[in-house]
1. Can you give me the ranges of the strands (runs of 3 or more DSSP E) entirely in the stretch 38-113 with at least 3 residues that are under 20 Å from W171 (Cα atoms)?
2. For the stretch 512-553, which positions are part of a loop (DSSP other than H, G, I, E, B) and either assigned by TED's automatic domain parsing to the domain that holds N315 or among the aliphatic types (A, V, I, L, M) (or both)?
3. Of the residues in the stretch 491-509, how many are over 18 Å from K553 (Cα atoms) and either without any contact (Cβ under 8 Å) to a residue 12 or more places away in the chain or in contact with an Asp or Glu (Cβ under 8 Å, 6 or more places away or on another chain) (or both)?
4. Go through the residues of the stretch 261-270 one by one and say whether even a single one is touching a residue at least 12 places away in the same chain (Cβ under 8 Å), within 26 Å of P190 (Cα to Cα) and among the polar types (S, T, N, Q).
5. Quick check: is even one residue across the stretch 239-247 modelled with pLDDT under 95 and either within 25 Å of T117 (Cβ to Cβ) or assigned by TED's automatic domain parsing to the domain that holds M297 (or both)?
6. Considering only residues that are more than 22 Å from T379 (Cβ to Cβ) and of a type in the set (D, E, K, R), look in the stretch 1-46 and name the one that is modelled with the highest pLDDT.
7. Please identify the pairs in which a residue from the stretch 172-187 that is under 14 Å from A43 (Cβ atoms) and hydrophobic (A, V, I, L, M, F, W, C) has its Cβ atom under 6 Å from the Cβ atom of a residue that is modelled with pLDDT under 95 and crowded, with 20+ Cβ neighbours inside 10 Å, counting only partners at least 6 apart or on another chain.
Amino acid sequence: MLHKRAIIFQTLLLTLLAGSAFGRTDKFRVIWQGNASTSATVAWNQVSGADPVLLLDVNDFGKNADEYGLSKRPDRIQMAEDMNNHFVRLVNLLPNMTYYFLVKDSEGTSLRYFFTTAPNSPDRRLSIVSGGDSRNHRDARQDANIMVAKLRPHCVMFGGDFTENDFPKEWQEWFDDWQLSIAEDGRVTPIIVTRGNHEASNRSLVDLFDMQAAGGFYATSLGGDLVRIYTLNTLIPVGGEQRDWLENDLRNHGSKAHWRIGQYHHPMRPHTARKSEKNDQVAHWAPLFLKYDVNLMVECDAHVVKSTWPIRPYNGPGSDEGFVRDDENGTVYIGEGCWGAPLRSNDDDKNWTRASGSFNQFNWIFIDKEKIEIRTIQTDGAGRVGSVDPKNIFKAPIGIHIWSPPAGDVITITSKQMALPAFEQDVLASRGGAQGEPSAGAKTAPAPKSPGSVNQTGVAVVEEETGNWEACPLIVADATTGEAQIKYNVEESCNVVIRVINPKLQEVTRIELTNQTPKEYLKTLKISHLPPGKYLAIVKGDRKVLRRYRLVKK
């Protein structure tokens with residue numbers, strides 16, 4: 001308690017001093033939406049003083065306002081929640097660049113702050129904090145905010161329910177507490193905001209965070225094509241316009257990213273019995289997450305802690321509440337919102353739940369091209385935790401409490417795109433490595449030939465069915481018997497064909513299975529007659545590809 005009271009007293013003292021030494025501004029925040037590498041919004045509350053202007057520079061001139069190279073007046077001023085909210089929208093910024101800023105008005109200047117734009121290269125690792133539900137207990141909320149300052153992430157994904165009643169006093173206290181997320185050197189962590197059910201309308205986020213997406217759903221890009229973050233709105237219809245937008249963006253933009261992650265407020269399958277199921281979200285969104293390979297979703301609202309194994313929508317044998325574990329194609333769900341809201345009992349686990357609990361926490365997420373790593377940070381007692389080294393923000397500071405359930409303290413999602421480049425390399429080599437062909441590890445599969453075409457040996461070419469070789473899970477066939485276990489799921493009765501092709505895209509084995517009923521199958525595929533090497537197995541149900549595997553025969 002003492003550490004938080006001391007920080008709050010220091011903040012109040014600085015605010016009082018600002019009345020004489022500086023301009024009267026407070027409640028600073030930096031908001032990300034759209035392309036976080038080249039744009040950001042700086043916002044604050046103008047307490048007094050006239051004609052405020054934001055001064056900005058890539059060099060740190062401290063309080064010497066005349067030295068700053070860029071000045072910009074607010075793009076929007078909005079009186080809301082008894083605050084005079086000023087918004088400066090910055091565009092054409094340089095990626096991965098630190099910008100120092102202050103506000104100058106008729107009464108003086110503010111303190112000097114800074115933020116850093118997101119990298120524009122997928123080769124730069126990202127640190128992200130995700131969580132939400134901060135509406136009640138200020139002590140817990142302040143602890144979590146202090147932890148943000150100490151971890152110095154690239155951004156915070158905040159999942160909604162900022163305050164209890166959406167009242168002016170509550171919002172003013174929330175923004176005062178948010179100042180504790182500003183590091184001692186003035187570093188402001190950008191926030192990506194989501195609407196919760198305790199925000200009376202989308203207008204709350206429009207007026208206080210300058211959210212420019214009218215429906216409260218939008219996408220944010222970080223690291224060039226490293227990650228596309230989807231912020232969805234569970235307080236409006238999840239089908240119709242919102243679903244159409246989601247699929248369109250996943251198809252046209254998300255497909256170009258190494259990773260697709262997101263956040264929304266209400267969990268599809270909450271892990272407390274006090275919360276209802278969200279079948280509409282399961283129906284409209286979960287199939288898109290599967291279809292477009294969404295890797296991670298952050299949910300809030302339930303005020304418990306949970307993580308799942310990778311899961312996909314399915315109602316057949318082995319499923320639980322409409323989902324089944326699928327380590328190769330599923331989406332990992334984490335949450336469910338404990339940034340200071342009243343904690344609830346985690347009394348509704350599923351058979352695909354990885355771990356659950358009930359304590360104040362947020363998730364600490366590392367993202368690079370090879371993997372996503374997720375840790376759950378217990379945020380109480382933040383004053384006893386050290387700060388990360390600004391030169392190595394991925395090393396856990398002294399005293400931090402990382403949750404370690406039986407399933408382990410780190411959830412790792414491995415990139416399908418990086419996992420299996422060798423087969424594609426073999427295919428290219430079989431074609432002579434012509435210029436213009438994608439190199440090993442490239443995301444784009446070679447152009448398909450026409451269905452049913454025949455190569456010089458008379459074996460049918462099935463290149464149109466191979467898809468992205470890198471995304472295929474690896475199976476090493478038994479060295480003695482030459483058998484491989486092929487698992488696939490049939491959702492509607494159909495005829496199934498299993499084909500095995502070699503790196504020259506020649507079909508070398510074919511199995512036809514008629515009238516397969518809906519269930520999960522495990523078939524033994526004998527390839528003892530094939531020479532040692534690398535192969536691709538394709539499982540098709542009627543005209544739909546059900547699974548693909550890369551096989552290695554030793």
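The values are calculated or read from the model by the stated rules, or taken from the named source; none is laboratory data. Being a predicted model, the structure only gives us computed values, none of them experimental. Counting neighbours? That spans all protein chains shown, and the Cβs are built from the backbone with ideal geometry, glycine included.
1. The qualifying strands (runs of 3 or more DSSP E) are 40-46, 76-80, 83-90.
2. Within the stretch 512-553, I527, L530 meet the criteria.
3. 4
4. Yes.
5. Among the residues of the stretch 239-247, not one is modelled with pLDDT under 95 and either within 25 Å of T117 (Cβ to Cβ) or assigned by TED's automatic domain parsing to the domain that holds M297 (or both), which makes the answer no.
6. Among those that are more than 22 Å from T379 (Cβ to Cβ) and of a type in the set (D, E, K, R), it is D26.
7. If the second residue must be modelled with pLDDT under 95 and crowded, with 20+ Cβ neighbours inside 10 Å, no pairs are left.
Let's see how each residue does on (1) touching a residue at least 12 places away in the same chain (Cβ under 8 Å); (2) touching a Cys at 6+ places or on another chain (Cβ under 8 Å); (3) closer than 18 Å to M211 by Cα:
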residue	(1), (2), (3)
N45	yes, no, yes
G49	yes, no, no
P74	yes, no, yes
D105	yes, no, no
S110	yes, no, no
F115	yes, no, no
L126	yes, no, no
G131	yes, yes, no
R135	yes, no, no
